[in-house]
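Student: My questions all concern the structure below.
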Amino acid sequence: MNRLRLIPALLLAVLLTTSSLSVQAQTVPRIERVNPTNWWVGMKYRTIQLLVYGPNAGTLAYTVNYPGVTLTKTHTVENPNYAFLDLTIAPTAKAGMVKLVGKKGSQTLTQPFELKARDKAPKGQGVTDADFIYLAMPDRFANGDPSNDRFDDMADQTADRSNPFARHGGDLQGAQQRLDYLKDLGVTAVWFTPVIENNQPMTNEGGAMRSAYHGYGFTDQYNVDRRLGGNDAYKAFVQRAHSKGMKVVQDAVYNHVGINHWFVKDLPMKSWLHQWPAYTNTSYRYESITDPHGSEADRRITTDGWFVPFLPDLNQTNPYVANFLIQHALWTVETFGVDAWRIDTYLYNDMPFMNRCNKALMDEYPRIHIFGESFVNNVVDQAYYVQNTINFPFKSNQPGALDFVLFGAAVDALKPKEANGANRFYTAFAQDAVYVDPTKLVTFLDNHDTDRYLSVIGEDVDRYKIGLTWLLTTRGIPCLYYGTEILMKNFRDPSDAEVRRDFPGGFPGDKENKFEAAGRTDRENDAWQFVRKLATYRRDTPVMHHGKLMQFLPQDNVYVFFRYDADKTVMVVSNLGEKAIKVDTKRFAERMSGMKSARNVLTDQTITNLDLIEAPAKTALVLELAR
Ligand code: CA
């Protein structure tokens, strides 16, 4: 989630109180929701807290009579429409339908709550540096079911591809139909921007009315958005991806929800959200969090201020909120089988909560990978939010992160007329000692919140190939933003929508179909084949993911690094300059001693003189060395 252009602060007095305190005293109790919607037997996480919601649901006296299930405590809170029930599920409990019985006077309500048996389907498999992630925005990727583009009973009635700010109708079925396309490209994991229901009205951002097509304003965690196909379509997508040996990354948002979220309209208690005497936006100044000389006042505004006025900020120090979010995370992995967890606006969350949530996921699914978005520009701030070697007073347990530092370096390094770009890139890796394991960082050249990479580098396909070569040969878990492989371009100016255009061929009636070679220009096919060649080489060549990285100081804007293990050495030579250079390799003897020849991985040509390597202008060579 990127910061958006803000409208003047809204007065959100409606949020400041729970609406039901006085008006519903006479209402007969009813239960409308229970979250989580079910649980399982045999989970490590077996003490759960049910959120029970409905008119006066908090005025009932609850009992449970089910073998192995104990109701240890019922919590009532400020709003009588909520009860929070602590249930402990014994390891011996059997799958079945638990009855929650609520009594008030002569009235008895019975609410079923299912304890399922866990299925054997793969889940929480993780993504590693052997993977290649593809980030797609489902609304903008492919529309496989035009019948779900809009629903009469949802807050936003627009489905209009001519409006860049409206929903366009893409969905999970459309994406599922493109899995073979992605697999052919060498992709091994798919990350969608959030799929959870965003039943938000259009909101005014930067003077234009916009749909929540990006997905970052949840309105009901337990439903995948119907316009994407709902829970069944997501389940089907994950199953199909798994059957093709591909993984799925879920985009999680803990920091905030949409202003149209059902619980925001009737808050359980005032402290459910971060509330301020007057609307307070986050300062976005992340330095205040890591600054050893910083003030609590500044930190609070950064983390407890709202991201934007229509995304209420959740208070994760409230234990009911924390339980709700953690249980939803576990429920999601168990229900859909997702393999990894990308966490939105990571640095704006409460960090002890994040550690607790990460731990619950990693305890239950030991292979799962977690990588948060902390949109920072320096190594210290990036390291703070991931397992690190710095003596910070707070220690994060997050295994990975999106590598925004490397992103900044790669983009700067390849800008037109940058004379010293190689050093920028080199320096980013030179600081890897701050991370416990830098190979768990997710590397990228652009995303849905940034200018598209091709535009940043002046639409120069030679530089494009250098950047992609770096992405696909260096350390970390590479991630490609949809459309980069077909040379989609654009700056964020005048709006994010420019970098979130529809994938041509993904929508009924499209004149061009760039999912197929025949629909692409020669230039696009050249780029596509380039990505495919390197992605499949990386996938099939273990040294390219688990091999060590050794880099040498750039000279004359030529940057050389190696990936190596006991069996294999791959040399990457990047000449960022405008003229060809013969690279004298004497100073690389540590990695090249005894090497007699090399195979150029991109051209299959053999090089027999390794003393002087010809590096053409604006080119990266990937050379597999042989003794
Ligand atoms: Ca659709």
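The values are calculated or read from the model by the stated rules, or taken from the named source; none is laboratory data. Remember, predicted model here, so these are calculated numbers, not experimental data. Positions of Cβ are backbone-derived with ideal geometry, glycine not excepted, and every protein chain shown enters the neighbour counts. All accessible areas refer to the heavy atoms of the entire protein, side chains included, with ligands and DNA or RNA removed. Shrake-Rupley method; radii C 1.70, N 1.55, O 1.52, S 1.80 Å.
Student: Test of understanding: among Gln157, Gln173, which residue is open to solvent by 20 Å² or more (accessible area, probe 1.4 Å) and closer than 23 Å to Asn513 by Cα?
Tutor: Unique residue meeting the criteria: Gln173.
Student: Which one of these does Tyr234 not meet: (1) in a strand (DSSP E or B); (2) within 16 Å of the ligand (Cβ to nearest atom)?
Tutor: Looking at each condition in turn, Tyr234 falls short on (1).
Every residue, every condition in (1) away from the ligand (no atom under 15 Å from the Cβ); (2) under 30 Å from Trp39 (Cβ atoms); (3) charged (D, E, K, R), yes or no:
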{"position": "Asn148", "(1), (2), (3)": "no, yes, no"}
{"position": "Asp160", "(1), (2), (3)": "no, no, yes"}
{"position": "Asn163", "(1), (2), (3)": "yes, no, no"}
{"position": "Ala166", "(1), (2), (3)": "no, no, no"}
{"position": "Ile196", "(1), (2), (3)": "yes, yes, no"}
{"position": "Gly206", "(1), (2), (3)": "yes, no, no"}
{"position": "Ala212", "(1), (2), (3)": "yes, yes, no"}
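This table checks each residue for (1) open to solvent by less than 50 Å² (accessible area, probe 1.4 Å); (2) away from the ligand (no atom under 16 Å from the Cβ); (3) within 20 Å of the chain's Cα centre (by Cα).
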{"site": "Thr219", "(1), (2), (3)": "yes, yes, yes"}
{"site": "Val249", "(1), (2), (3)": "yes, yes, yes"}
{"site": "Val253", "(1), (2), (3)": "yes, yes, yes"}
{"site": "Gly258", "(1), (2), (3)": "yes, yes, yes"}
{"site": "Thr282", "(1), (2), (3)": "yes, yes, no"}
{"site": "Arg300", "(1), (2), (3)": "no, yes, no"}
{"site": "Gly305", "(1), (2), (3)": "yes, yes, no"}
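Student: Still on this structure, I have one more. Could you identify the single residue in Lys265, Lys244, Lys270 that is open to solvent by 10 Å² or more (accessible area, probe 1.4 Å), under 23 Å from the mean Cα position of the chain (by Cα) and more than 16 Å from the ligand (Cβ to nearest atom)?
Tutor: On inspection, the qualifying residue turns out to be Lys244.
Student: Here's a follow-up. Kindly indicate which of Arg591, Arg587 is modelled with pLDDT of 95 or more and crowded, with 17+ Cβ neighbours inside 10 Å.
Tutor: Arg591
Student: How about the range 116-136: which of its residues are over 18 Å from Tyr234 (Cα atoms) and out of contact with any strand residue (DSSP E or B) (no Cβ under 6 Å at 6 or more places or on another chain)?
Tutor: Answer for the range 116-136, where residues must be over 18 Å from Tyr234 (Cα atoms) and out of contact with any strand residue (DSSP E or B) (no Cβ under 6 Å at 6 or more places or on another chain): Ala117, Thr128, Ala130.
Student: All but one of (1) of a type in the set (Ser, Thr, Tyr); (2) free of Cβ contacts under 8 Å to residues at least 60 places away in the same chain; (3) over 23 Å from Asp184 (Cβ atoms) hold for Thr603, so report the exception by its number.
Tutor: So the condition that Thr603 fails would be (3).
Student: Next question. Scan (1) surrounded by 15 or more Cβ atoms within 10 Å (Cβ to Cβ); (2) within 29 Å of Lys582 (Cβ to Cβ); (3) of a type outside the set (Val, Ile, Thr) for the single condition Arg539 breaks and write down its number.
Tutor: (2)
Student: I'm trying to understand the selection: among the residues of the range 168-194, which are away from the ligand (no atom under 11 Å from the Cβ), small (Gly, Ala, Ser) and on the phi < 0 side of the Ramachandran plot?
Tutor: Ala189
Student: Only residues that are touching a residue at least 24 places away in the same chain (Cβ under 8 Å) and surrounded by fewer than 24 Cβ atoms within 10 Å (Cβ to Cβ): list them for the range 408-419, please.
Tutor: Within the range 408-419, Gly408, Val411, Lys415, Pro416, Glu418, Ala419 qualify.
Student: If you don't mind, there's one more thing I want to ask. Looking at Leu625, Leu549, Leu610 in this structure, which one is buried (at least 20 other Cβ atoms within 10 Å of the Cβ) and at pLDDT 95 or above?
Tutor: Leu625
Student: Taking into account only those residues within the range 221-231 that are closer than 18 Å to Asp160 by Cβ and not basic (Lys, Arg), which is nearest to the ligand (Cβ to nearest atom)?
Tutor: Once the filter is applied, the top-ranked residue is Leu228.
Student: Are any residues in the range 562-599 free of Cβ contacts under 8 Å to residues at least 40 places away in the same chain and assigned to a helix (DSSP H, G or I), and if so, which ones?
Tutor: Hits for the range 562-599 are Lys586, Arg587, Phe588, Ala589, Met592.
Student: Across the range 75-92, what is the total count of residues that are farther than 17 Å from Pro36 by Cβ and of a type in the set (Ser, Thr, Tyr)?
Tutor: The number of residues fulfilling the criteria is 2.
Student: Do you know which residues across the range 424-468 are surrounded by fewer than 20 Cβ atoms within 10 Å (Cβ to Cβ) and among the hydroxyl-bearing types (Ser, Thr, Tyr)?
Tutor: Passing the criteria: Tyr426, Thr427, Thr439, Ser455.
Student: Right, next: For Trp272, work out the one condition from (1) touching a Lys or Arg at 6+ places or on another chain (Cβ under 9 Å); (2) touching a residue at least 12 places away in the same chain (Cβ under 8 Å) it doesn't fulfil.
Tutor: Every condition holds for Trp272 apart from (1).
Student: Select from the range 112-146 the residues that are open to solvent by 10 Å² or more (accessible area, probe 1.4 Å) and within 16 Å of the ligand (Cβ to nearest atom) and write down the one among them that is farthest from Val187 (Cα to Cα).
Tutor: Pro146
Student: While we're looking at this one, here's another question. May I ask you to list pairs of residues, at least six apart or on different chains, whose Cβ atoms are under 6 Å apart, with the first in the range 519-548 being over 19 Å from Leu480 (Cα atoms) and the second being open to solvent by 20 Å² or more (accessible area, probe 1.4 Å)?
Tutor: Within 6 Å, the pairs are Gly519/Glu512; Gly519/Asn513; Val543/Asp565; Val543/Lys568; Gly547/Tyr564; Gly547/Asp565; Lys548/Tyr564.
Student: Next question. Being within 22 Å of the chain's Cα centre (by Cα) and surrounded by fewer than 18 Cβ atoms within 10 Å (Cβ to Cβ) is the filter; apply it to the range 387-407 and report the residue that is nearest to Asp451 (Cα to Cα).
Tutor: The residue in question is Gln387.
Student: Name the residue that is nearest to Ser396 (Cα to Cα), counting only residues in the range 332-350 that are open to solvent by 10 Å² or more (accessible area, probe 1.4 Å) and touching a residue at least 60 places away in the same chain (Cβ under 8 Å).
Tutor: Here the residue is Tyr348.
Student: Wholly within the range 379-441, which helices (runs of 4 or more DSSP H) include no fewer than the required count, namely at least 1 residues that are at pLDDT below 95?
Tutor: Per the criteria, 404-413, 421-430.
Student: Filter the range 469-495 down to residues that are open to solvent by 10 Å² or more (accessible area, probe 1.4 Å) and over 27 Å from Met544 (Cα atoms) and give me whichever is nearest to the chain's Cα centre (by Cα).
Tutor: Arg492
Student: Sticking with this structure for a sec: Looking only at the range 209-231, which residues are at positive phi and not in a helix (DSSP H, G or I)?
Tutor: Result: Gly215, Gly229.
Student: Please identify the pairs in which a residue from the range 69-94 that is among the acidic types (Asp, Glu) has its Cβ atom under 6 Å from the Cβ atom of a residue that is surrounded by 14 or more Cβ atoms within 10 Å (Cβ to Cβ), counting only partners at least 6 apart or on another chain.
Tutor: Hits for this filter: Glu78/Thr18; Glu78/Met269; Asp86/Gln49.
Student: If we scan the range 275-288, do we find a residue that is at pLDDT 95 or above and touching a His at 6+ places or on another chain (Cβ under 7 Å)?
Tutor: No, the range 275-288 contains no residue that is at pLDDT 95 or above and touching a His at 6+ places or on another chain (Cβ under 7 Å).
Student: Is it the case, given these coordinates, that Lys104 is in contact with a Ser or Thr (Cβ under 9 Å, 6 or more places away or on another chain), more than 30 Å from Asn513 (Cβ to Cβ) and open to solvent by 30 Å² or more (accessible area, probe 1.4 Å)?
Tutor: Considered against the rule, which asks whether it is in contact with a Ser or Thr (Cβ under 9 Å, 6 or more places away or on another chain), more than 30 Å from Asn513 (Cβ to Cβ) and open to solvent by 30 Å² or more (accessible area, probe 1.4 Å), Lys104 comes out as yes.
Student: With the checklist (1) within 16 Å of the ligand (Cβ to nearest atom); (2) out of contact with any His (no Cβ under 7 Å at 6 or more places or on another chain); (3) aliphatic (A, V, I, L, M) in hand, flag the one item Leu109 doesn't pass.
Tutor: (1)
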